[in-house]
1. Per the Debye formula with a single identical scatterer at each Cα and no solvent contribution, what log10 I(q)/I(0) holds for the range A:1-76 at q = 0.12 Å⁻¹?
2. Every other copy gets compared here: list the nm distances from the B:E201 label point (7 Å along Cα to Cβ) to its counterparts, shortest first, one decimal.
3. How many nanometers, to one decimal and shortest first, lie between the label point of A:K96 and those of its other copies, if labels sit 7 Å from Cα toward Cβ?
4. Please list, ordered by chain and number, the residues whose modelled amide H lies under 5 Å from the amide H of B:L152; skip anything fewer than 5 residues away on the same chain.
5. Given the pairs A:K296/B:K26; B:K41/B:K144; B:K41/B:K182; A:K256/A:K282; A:K46/A:K282, which are separated by over 23 angstrom at their Cα positions?
6. I'd like the distance separating the alpha-carbon centroids of the range B:105-130 and the range B:72-90, in whole Å.
7. How high is the relative contact order of chain A, given as a whole-number percent (alpha carbon pairs under 8 Å, six or more residues apart)?
8. May I ask what percent, to the nearest 5, of DSSP beta bridges between residues of chain A are antiparallel?
There are 2 protein chains.
Amino acid sequence: MMVGPTAVPERVLNAMNRKSISHRSKEYCEVHQRVREGLKKIFQTKNEVLVLTSSGTGAMEAAIQNCFSIGDEVVVPVLGTFSEQFALMAEAHQLKVTRVKFELGEAADVDKVMEYVTPDTKGLFVIHNESATGVTNDIQAFGKALEGKDTLLVTDSVSGAGGIEMKMDEWNIDIVLSGSQKALMVPAGLSFIALSDRAWEATKRSNMPKYYFDLNKARQFQEINQTPNTPAVYNMFAVDEALKMIFEEGLENVYKRHKENTNRIIEGIRKLGYDIFPKEEKYASRTLTAVYAPGKAKEIVAGLQEQGIIVNTGLGPIAEDVFRVGVMGYVYNEDVDAFLEALANLS
Amino acid sequence: MMVGPTAVPERVLNAMNRKSISHRSKEYCEVHQRVREGLKKIFQTKNEVLVLTSSGTGAMEAAIQNCFSIGDEVVVPVLGTFSEQFALMAEAHQLKVTRVKFELGEAADVDKVMEYVTPDTKGLFVIHNESATGVTNDIQAFGKALEGKDTLLVTDSVSGAGGIEMKMDEWNIDIVLSGSQKALMVPAGLSFIALSDRAWEATKRSNMPKYYFDLNKARQFQEINQTPNTPAVYNMFAVDEALKMIFEEGLENVYKRHKENTNRIIEGIRKLGYDIFPKEEKYASRTLTAVYAPGKAKEIVAGLQEQGIIVNTGLGPIAEDVFRVGVMGYVYNEDVDAFLEALANLS
């Protein structure tokens with residue numbers, strides 16, 4: 001029950017146990033086409049979802065390199081390791097970053113963040129699911145708050161997409177990026193990114209140097225179900241199969257399973273005398289749970305590992321006090337039971 | 001017998017058929033350490049070989065982003081699609097590029113190229129093996145020609161490393177990059193890059209924006225056998241196994257096999273009335289053969305495919321006249337026989 005890379009189902013492993021094909025072959029194009037259509041459903045968008053051979057961080061950089069220019073002003077609510085990385089990367093690309101800081105365990109307050117958004121703000125970078133602290137931001141509210149403004153809403157949904165609801169078009173999100181190794185149950189190595197019409201317009205103005213992550217080129221190749229450079233073909237086989245599994249179960253049922261499993265975890269850990277780290281339960285992520293166990297987190301992670309349950313410690317300053325248990329992807333009732341039983345053995 | 005992605009051996013496929021692990025676990029670090037040590041032998045270097053989650057093009061961009069600055073003058077001998085890509089990418093990053101053009105099928109003439117290298121030339125970008133035209137450049141001679149000069153020798157050995165000799169340290173190469181899906185017999189998705197001490201020095205002066213491909217950060221993480229972002233863990237399992245196979249056979253034996261297989265292909269196609277596309281046999285690549293079949297290349301590729309032999313057409317202007325057959329990685333005597341027999345059936 002890692003928070004990513006997550007477990008890879010046997011069906012997905014089997015899909016990778018096959019002969020190599022050329023990424024310029026008709027057979028590859030058929031795989032790419034299915035993945036392309038499936039990812040649109042996951043992102044809930046009419047926009048193309050482009051496939052990049054990189055981790056989610058690469059897709060994050062693609063968003064910056066393609067839709068922004070040196071000196072652009074952007075606002076980044078910072079609430080943990082991954083949102084801070086968003087800010088650091090924007091600075092590395094010479095954007096002018098305004099950080100709006102929240103306490104660890106808090107969600108980004110929309111009204112407070114919007115105080116910093118001016119007519120000169122080119123982008124608002126919001127992490128969907130801050131997996132360092134187990135907090136989900138209200139992306140829909142950010143989308144609403146930006147309606148009628150020229151600011152692009154850029155959303156990192158690496159640990160969200162495919163596990164919890166994320167409606168790119170309806171929620172007015174301009175750029176969404178995600179990765180293969182979380183709720184999609186696929187080995188790490190691919191990332192995904194979709195741009196709204198407004199974001200595609202912005203690519204025409206961008207003066208940022210780019211080549212590998214040139215999204216206009218990627219879009220041209222996507223039209224013929226290919227990629228500009230050699231894609232991670234075996235990971236594509238894996239995504240293809242994982243998407244089939246997701247749609248067989250039904251996306252709504254997948255969301256429901258993630259929510260129910262997390263709710264059972266929250267209830268279970270509280271019974272054992274722990275609490276969640278997020279300050280408000282309504283913002284607690286439903287793809288992973290950050291459990292507050294002051295001073296004991298590392299010991300618990302080790303104790304669970306001895307019983308065959310792999311979870312993760314917190315990141316950064318909360319590494320000693322928080323451990324994180326994921327329900328992303330291939331996690332079912334019996335896994336939750338096993339985790340709670342193992343945790344009870346340590347308590 | 002594709003020119004990449006190449007065939008993946010069953011042992012390598014089996015190495016990927018296993019449960020997921022965290023990239024921060026001890027188990028992952030052990031895999032990473034073995035891969036790290038193995039790649040040093042492939043590159044024949046004492047330098048660290050860093051592992052990036054990207055195609056070879058990503059590693060090419062990493063070389064530019066980390067070791068050069070906007071406005072730097074570089075020289076690029078252009079002899080086909082991939083060397084032209086090297087030049088285009090350098091231009092995308094606002095380097096001042098001097099192209100030294102050669103006819104398709106020619107190798108880069110060292111003396112001619114060196115006429116364009118001045119004391120202001122910061123980099124000479126030479127492709128080791130131009131897989132578009134099946135030509136191998138004499139990297140050793142370029143290394144010798146640059147001795148005592150401040151120009152960095154940057155070598156793309158995507159379709160070379162692990163298949164033909166490439167001695168980074170002895171040949172005085174400053175930057176070598178390669179990919180997983182060629183002679184290493186591993187699914188696409190990883191690239192590799194190594195920097196000499198001089199190249200590491202250059203990273204300190206570089207003003208290029210970067211984040212995902214920040215090699216100094218990658219080096220820091222490599223010291224603890226990790227990567228800054230989530231690596232393609234399953235591809236690492238695959239590389240680990242493929243390297244074992246290579247060293248069991250012996251690197252020198254692997255080179256010998258590539259050379260002998262290619263020599264047999266060259267002899268065989270000539271018997272059938274074809275010739276090689278490279279103008280001089282001594283520069284004809286020994287990881288793939290570009291066969292000259294004016295006007296008939298696509299027909300032959302289709303005819304071979306019907307007999308179960310997958311080869312590739314030429315790239316760009318020579319697509320109708322050249323087809324390419326690879327011996328990279330997992331290709332043995334009997335594969336060469338099957339190819340020649342199938343080609344004979346078409347003649």
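Just so it is clear, none of the values below were taken in a lab; they were calculated from the coordinates. The shown structure was predicted, so the numbers you read here are calculated from the model rather than taken from an experiment. Neighbour counts run over all protein chains shown; Cβ positions are idealised from the backbone, glycine included.
1. Values returned for q = 0.12 Å⁻¹ are -0.55.
2. Those label-point separations list as 5.0 nm.
3. Counterpart label points of A:K96 in the remaining copies fall at 3.1 nm.
4. B:G123, B:L124
5. On the way: A:K296/B:K26 20 Å; B:K41/B:K144 21 Å; B:K41/B:K182 17 Å; A:K256/A:K282 15 Å; A:K46/A:K282 29 Å.
Long pairs (Cα-Cα over 23 Å): A:K46/A:K282.
6. When both Cα centres are located, 10 Å separates them.
7. Numbers: 724 pairs, mean separation 84.5, N = 347.
RCO, chain A: 24 percent.
8. On the way: 21 of 39 bridges.
Roughly 55 percent of the DSSP beta bridges within chain A come out antiparallel.
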